[in-house]
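Peer 1: Mind having a look at this structure? Questions to follow.
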Amino acid sequence: MLPANDIAAIPRSRNFIQAAALPHISLTAWRGLVDAADLQAGQKVLIHAAAGGIGHIAVQLAKARGAFVYGTASTRNQDFLHQLGADQPIDYTTTRFEGNAYDVDVVFDTIGGKTQERSWLTLKPGGIMLSVIQAPSEELLPSLTAVEHW
């Protein structure tokens, strides 16, 4: 039997699948930004795919912790990023994020590949790269001091 505090009603605007996914994506964002990076007020975070499942939770969590949020998304999701509270939405279809996000304390990578490679350019010294997709390339490992992959 579950305690009443562990149960919540599914919002009418959501189906069972959406409701079941919410704890998983929320925990992923929490484990990265809070547990691994210890994101603090005043820090800068770059969240890739910020309008996506994990990304939209990560934006709200980062804002709740007082961080400045850069978020990448397509043109059609820019208004959504503003609604979520992103400080600087970046349209990856028209703008290179590494030209707009700089001195970033934490990169939250949900894409990997070339996006992750380019993201290293945004980090300040001692910054943290978090990835839910892939570890950094073997060529980069000797030069990196803070890498988290889980």
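The values are calculated or read from the model by the stated rules, or taken from the named source; none is laboratory data. All values derive from a computational prediction rather than experimental measurement. For neighbour counting, all protein chains shown are included, and Cβ atoms are generated from backbone atoms with ideal geometry for every residue, glycine included.
Peer 1: Output the number of residues of the range 41-69 satisfying the condition of being touching a residue at least 40 places away in the same chain (Cβ under 8 Å) and more than 9 Å from the chain's Cα centre (by Cα).
Peer 2: Within the range 41-69, residues that are touching a residue at least 40 places away in the same chain (Cβ under 8 Å) and more than 9 Å from the chain's Cα centre (by Cα) number 3.
Peer 1: Tell me, which residue of the range 84-102 that is at pLDDT 95 or above and over 16 Å from the mean Cα position of the chain (by Cα) is nearest to residue 41 (Cα to Cα)?
Peer 2: Checking each candidate, the answer is 100.
Peer 1: While we're on this one: Say we look at the range 31-90 and pick out the residues that are assigned to a helix (DSSP H, G or I) and in contact with a Gly (Cβ under 6 Å, 6 or more places away or on another chain); which of these is surrounded by the most Cβ atoms within 10 Å (Cβ to Cβ)?
Peer 2: So in the range 31-90, the residues assigned to a helix (DSSP H, G or I) come out as 31-36, 53-64, 75-84.
Those left that are additionally in contact with a Gly (Cβ under 6 Å, 6 or more places away or on another chain): 59, 63, 81.
Working: 59: 30, 63: 16, 81: 25.
Filtering the range 31-90 for residues that are assigned to a helix (DSSP H, G or I) and in contact with a Gly (Cβ under 6 Å, 6 or more places away or on another chain), the one surrounded by the most Cβ atoms within 10 Å (Cβ to Cβ) comes out as 59.
Peer 1: Taking into account only those residues within the range 119-150 that are surrounded by fewer than 13 Cβ atoms within 10 Å (Cβ to Cβ) and part of a helix (DSSP H, G or I), which is modelled with the lowest pLDDT?
Peer 2: Looking at residues that are surrounded by fewer than 13 Cβ atoms within 10 Å (Cβ to Cβ) and part of a helix (DSSP H, G or I), I get 142.
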